[in-house]
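The values are calculated or read from the model by the stated rules, or taken from the named source; none is laboratory data. The shown structure was predicted, so the numbers you read here are calculated from the model rather than taken from an experiment. Note that we place each Cβ from the backbone using ideal geometry, even for glycine, and neighbour counts take in every protein chain shown. Just so you know, the surface numbers come from the protein's heavy atoms only, side chains and all, with ligands and any DNA or RNA stripped out. Shrake-Rupley method; radii C 1.70, N 1.55, O 1.52, S 1.80 Å.
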Amino acid sequence: MRQPSMSFARGWKGLLAVAVVGAFAVVACDQGAEGDINAIIEDRGLTVEQAEGALLTYVPPGEYDPYIMVSSGGHSGNIHLVGVPSMRMLKTIPVFTPESWSGYGQGSDLSELVLEEGSSDKQARKLAWGDTHHPAISETAGEYDGRWVYIQDRANGRLGFVELRDFKTKQIIDIPNAQTTHGGAFVTPNSEYIHVSAMTPRPQTEDGYAPLEEYAEKYRGISSFLAINQDNGRIDMDRSFQLELPPYTHDLSDAGKLGSEGLVFIGSYNTEMAIGGNLEGGDPLEVGASANDFDFLHVIDWKMAEQVIADGKYEERNGIRLIPLQTVIDEGLLHLIREPRSPHGADVDPTGNYVVVSGKLDPQVSIYDVDEIRTAIADENFEGTDSFGIPILDFDSVLAGQVEVGLGPLHTQFDGQGNGFVSLFLDSAVAKFSLGEKAGIEADDAFKLIDKVDVHYNIGHLAATEGDTVAADGKYVVALNKWSIDRFPVIGTLKPQNFQLIENDAEKMRVIYDMPVGFGEPHYVQIMRMDRLTDAIETYEPGTEPLTMTASDVAVVSGEERIDTSTPGEVHVYMSATRSHFTPDTIRVKQGDEVFFHVTNIETIPDGTHGFAVPGYNVQASLDPGEVVTINITADTPGSYAFYCTEFCSALHLEMQGWLLVEPSTAVTALAN
Ligand code: K7E
Ligand code: CUA
């Protein structure tokens, strides 16, 4: 793998285009190519900056990007993988929404099972979509370890788990007692827990209903610490726990690391507890929710909470151990800090010594000092309590600094050299600012605005390379822009969003690439070094069931294919798929039979994927090399169905087809006549 060279493009600024082209030729080209490159640049009318941008983002055919971006898909319900800096789309991983390329939720029992599992607890119906906001890559010692990814469902209060061996969704948890999610998902530094808090408070009543007049009494926020099984990455509900929070709207959160390990920080808004009712004589919700000058950053001590659980001071509520609000307060698990109006992001820097929050209606970022937070808690240096009796830490003593950065600051990321990058929604810009001495910045340079770059347009989150970890390197920043306005051709009324790649290495930040995002509304991404993906596989061991990654007991090897009709009313087809046939390729059943296709892809080479699709029966499975899939249909509609392989797998792919013959039952035929 070769990384695009950073150094030789730098320092060209101010040179004449001709001289720059000379530099291309000297460094990169064979004798004789110089003229061609000149011609290309001239021909395409590129500026020096643009030609540099092209070189910085170019990954030659056959080479890999040095970084992989794990992107939420917003209400596409999926995760998307993108290479950085080429910004080439690598793949979509379906999580909460069925997807037919990979066959997820399209008839194969395992993917149906995963989707079903996530619709099982508090949901009244089987859910067919989700709204993914914040992906979280697992960490070891505060660094991405490339093993697992988690992502929450903003809409339905769930969490999805993707294993980074085969990059498939293996578990969906329906988080008890929370209707929605937002704060998180973020892992603790050694992936002990994944933290997710509910966004909107939910009535803690049996049926989840309470009149809005009882908002303050009955509605509660929920902070969930979902325990990660260290062997397989799955959520272990028996070891998980929740804290009940006041009925504020809980926003972004982050887990402490190094200096702040053991703490979790959650921003909140609507601490006014406004309930809307604009046609009933009330203020619109956003007016009521913006009345106060401050909302509250929540500081939770999860190591102490573990102790409270161990001491048995919890109740079981809907299958999880929950610490009720009064116990949370009595045990000192939660403290509040004032934060500027309508806060959004809460981000811990790579040293773990600072927490940065920004309020959308305040032009500055506020940076809190974690040592001072701990001291204020220990000394009970409170400026009061909220209406529930939760102590509020003395603002001035925990504030390290504030930096005026511009309008509408949302989210912050870090470069590992003591600087932060903050997205400015209203300014459509990214600002770079310095942290303080505890992040290695000289006192004279601390808490200053350093640089600003325009983005296009309405940026939400941003992400820096390795930016959520102790190993943040700040090489690139990606701006996740909600609107693209004029950046792409008019291709209809629903416009792509715009990922903009920002080079941070140069003396001035600059946008070097626009990537149209036509697959959803990504909220957040994480960008990890590609070389951390050490577990990824290209083929399964022959006969593997992907959900458990173990040998399937319905797998077949070549020569053992068979049709089993020994159970009346059931037909079990033990089928193999290889280039370029299914065996058996003719299956005769009676109308009304339950048919189980147990299909094994007996290929052993990478890329040897086959599909298995049955017209009219809503079946489309993807069978990767070595994979076993079971598809279950009720053959309720008679007909001759030409099932086929959906992947163009071989020269005789079109011939990779067979017949499912569903013979009309005489009784049914007679009825129809
Ligand atoms: Cu700002 Cu859900 Cu992280 Cu959207 S959130 S942008
Ligand atoms: Cu197998 Cu096409």
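Looking only at residues in segment 572-590 that are in contact with a His (Cβ under 9 Å, 6 or more places away or on another chain) and within 12 Å of ligand 2 (Cβ to nearest atom), the one that is most open to solvent (accessible area, probe 1.4 Å) is ARG579. Only a single criterion out of (1) without any contact (Cβ under 8 Å) to a residue 60 or more places away in the chain; (2) closer than 19 Å to HIS298 by Cα is not satisfied by GLY183, namely (1). Residue selection: ASP347 satisfies the criterion of being open to solvent by 10 Å² or more (accessible area, probe 1.4 Å), at pLDDT 95 or above, within 15 Å of VAL264 (Cβ to Cβ) and in contact with a Phe, Trp or Tyr (Cβ under 8 Å, 6 or more places away or on another chain). For segment 85-94, the criterion of being closer than 23 Å to GLU647 by Cβ, modelled with pLDDT under 90 and not in a helix (DSSP H, G or I) is satisfied by no residue at all. For segment 285-306, a residue qualifies if it is touching a strand residue (DSSP E or B) at 6+ places or on another chain (Cβ under 9 Å), over 15 Å from GLY267 (Cβ atoms) and open to solvent by 30 Å² or more (accessible area, probe 1.4 Å), and the qualifying residues are ASP293, ASP301, LYS303, GLU306.
Reported count of residues in segment 121-149, each being assigned to a loop (DSSP other than H, G, I, E, B) and open to solvent by 10 Å² or more (accessible area, probe 1.4 Å), is 11.
Here SER558 meets each of (1) within 16 Å of ligand 2 (Cβ to nearest atom); (2) in a strand (DSSP E or B); (3) surrounded by fewer than 20 Cβ atoms within 10 Å (Cβ to Cβ) with one exception, condition (2). Kindly indicate whether SER102 is within 16 Å of ligand 2 (Cβ to nearest atom), outside any strand (DSSP E or B) and buried (at least 20 other Cβ atoms within 10 Å of the Cβ). So SER102 fits the description; yes.
Within segment 295-351, the residues that satisfy the criterion of being of a type in the set (Val, Ile, Thr), closer than 19 Å to PHE388 by Cβ and touching a Leu at 6+ places or on another chain (Cβ under 7 Å) are VAL299, ILE300, VAL308, ILE323, VAL328, ILE337. Screening THR567, THR534 for residues that are exposed (fewer than 14 other Cβ atoms within 10 Å of the Cβ) and in contact (Cβ under 8 Å) with a residue 12 or more places away in the chain leaves exactly one candidate, THR534.
Among the residues examined, ASP371 qualifies as over 26 Å from HIS182 (Cα atoms), at pLDDT 95 or above and surrounded by fewer than 24 Cβ atoms within 10 Å (Cβ to Cβ). When segment 315-330 is examined, which residues are found to be touching a helix residue (DSSP H, G or I) at 6+ places or on another chain (Cβ under 8 Å) and surrounded by fewer than 20 Cβ atoms within 10 Å (Cβ to Cβ)? Hits for segment 315-330 are ARG321, THR327.
Note on segment 105-120: residues that are surrounded by fewer than 21 Cβ atoms within 10 Å (Cβ to Cβ) and in a strand (DSSP E or B) total 0. Restricting attention to segment 150-196, the residues that are surrounded by fewer than 24 Cβ atoms within 10 Å (Cβ to Cβ), out of contact with any helix residue (DSSP H, G or I) (no Cβ under 9 Å at 6 or more places or on another chain), under 29 Å from TYR248 (Cα atoms) and among the charged types (D, E, K, R) total 1. Number of residues in segment 511-531 that are open to solvent by less than 30 Å² (accessible area, probe 1.4 Å) and either of a type in the set (Ser, Thr, Tyr) or part of a strand (DSSP E or B) (or both) equals 8. List the residue pairs whose Cβ atoms are under 9 Å apart, where the first residue sits in segment 637-652 and is open to solvent by 70 Å² or more (accessible area, probe 1.4 Å), the second is in a strand (DSSP E or B) and within 8 Å of ligand 2 (Cβ to nearest atom), and the two are 6 or more positions apart or on different chains. Short answer, once both residue conditions are applied: TYR644/GLY611.
Here's the yes/no breakdown for (1) in contact (Cβ under 8 Å) with a residue 12 or more places away in the chain; (2) farther than 27 Å from GLY130 by Cα:
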position: PHE499; (1), (2): yes, no
position: ALA506; (1), (2): yes, yes
position: PRO516; (1), (2): yes, no
position: PHE519; (1), (2): yes, no
position: PRO522; (1), (2): yes, no
position: ILE527; (1), (2): yes, no
position: ALA551; (1), (2): no, yes
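Please work out if PRO625 is within 16 Å of ligand 2 (Cβ to nearest atom), touching a residue at least 60 places away in the same chain (Cβ under 8 Å) and over 26 Å from PHE167 (Cβ atoms). No, not satisfied. With respect to the stated conditions, PRO247 is at pLDDT 95 or above and crowded, with 24+ Cβ neighbours inside 10 Å.
Note on segment 473-493: residues that are open to solvent by 10 Å² or more (accessible area, probe 1.4 Å) and either at pLDDT below 95 or within 17 Å of PRO85 (Cβ to Cβ) (or both) amount to 2.
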